[in-house]
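K.L.:
Below you'll find the structure I mean.
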Amino acid sequence: MVTRIITLFGGIAILIFGFNLISANTERLAEGRAKNIIRKNLKTPIGGLLTGTVVAGVTQSSVAVSVIAVSLVEAGTISFRSSAAVIMGANVGTTVTAQLLSLSGASGGIIGSIASIIGLLLSFSKNKTVKRLSNSVMGLGVLFAGLSIMTTSVKGLISAVWFRKIFLVESPFLLFLNGMVLTGITQSSSAVTGVTVILGASKIMPFTSATFFTLGANVGSCFFVVLSSLNKNVNARRSALFNLIFNLSGAILFFPFLLMLGEEITYLFVKERGVGGAIADFHTVFNLVCALVFFPFLGLFEKLIIKITSNNGKNCNRNCKRKSFTANIPRFN
């Protein structure tokens, strides 16, 4: 049992390393231009939404894109509303990750092997750009290697009490809470989503349970962004707070439908791709629907968050700073 636990966490570590390898080298391929790309395409909120989607989809990291958006707000380069649009888009773009993870079967192994071979061949080049590309492609191979290790190990952990209490409890609220906490600890919703996809594909975790776990993982992914904003100015903290409220609002929106129409939703998603692919599809649909539903209400979100973070009814301007660390925490009136 101990060996299987070590193997599972080793697989998760390799998976996260693969994502980081893809994200870091994709950004380097752009010569650090991700900030410029985001800043230059924010003439309209729709432009921000699309930019966030594309950049997160390419870099495979909604957290990184959200942190960039928060830093641009702090610098006064973009407005709070523009950053909110980017964050919405980043949540949609990151669902590419779940779709990749749903290829954890034979096709995933082939893709990972091919990516590793191509990455190795490209690494012999002396061209700096080609070398960075090789690292990104190699990251894809590493990602599927970690996924394969995780798939092998989780099947042997079904009987473990702690494992069942985290992933296989029947209460939707506990599943939501577990997904949120686990993602907050690992700081990687991609890894947590990967585990649920594997459990679903292995017919260990029911689709309905995975949906509640996924909702929690989406909320848990906001914690790092919030923490990274605590020493920034008020508008930067507002952007981070929007990320949390947006994902939490989406979870609240979907929760009753999953409770009342669980069987119908399961049939709708599972009939085409099986449970593993259905979990990835649900993750995509969830984030896309939330973006489309809440996008028209960006103005209302802005007013709400400004009210929540106001200081005795007096709002700070864009560049205001707090002198103490404790003052950097949003104040609730």
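The values are calculated or read from the model by the stated rules, or taken from the named source; none is laboratory data. Since the model is a prediction, treat every value here as computed from it, not as a measurement. Positions of Cβ are generated from backbone atoms using ideal geometry, with glycine treated the same way; all protein chains shown enter the neighbour counts. Ligands, DNA and RNA are stripped out before the accessible areas are found, and what is left, the full protein with its side chains, is counted by its heavy atoms. Shrake-Rupley method; radii C 1.70, N 1.55, O 1.52, S 1.80 Å.
K.L.:
Please work out the average accessible area per residue across the stretch 131-264, using the 1.4 Å probe convention, and give it in Å². It would help to have the intermediate numbers written out before the result.
P.N.:
On the way: 5050 Å² over 134 residues.
Using a 1.4 Å probe on heavy atoms only, each residue of the stretch 131-264 averages 38 Å².
K.L.:
Now a separate question. With a 1.4 Å probe and every protein chain left in place, tell me how much accessible area Thr183 has, in Å² to the nearest 10.
P.N.:
Approximately 0 Å² of Thr183 is accessible to the 1.4 Å probe.
K.L.:
If each of Gln187 and Leu230 carries a label point 7 Å out from its Cα toward its Cβ, how far apart are those two points in nm?
P.N.:
Result for the modelled spin labels: 1.3 nm.
K.L.:
A further question on this structure: Quick one: pull the percent of accessible area on the stretch 129-258 belonging to carbon and sulfur, 1.4 Å probe, ligands and nucleic acids left out.
P.N.:
Details: 3170 of 4590 Å².
That share works out to 69 percent.
K.L.:
At 1.4 Å probe size, with no ligands or nucleic acids counted, give the accessible surface of Thr53 in Å², nearest ten.
P.N.:
Using a 1.4 Å probe on the heavy atoms, I get roughly 40 Å².
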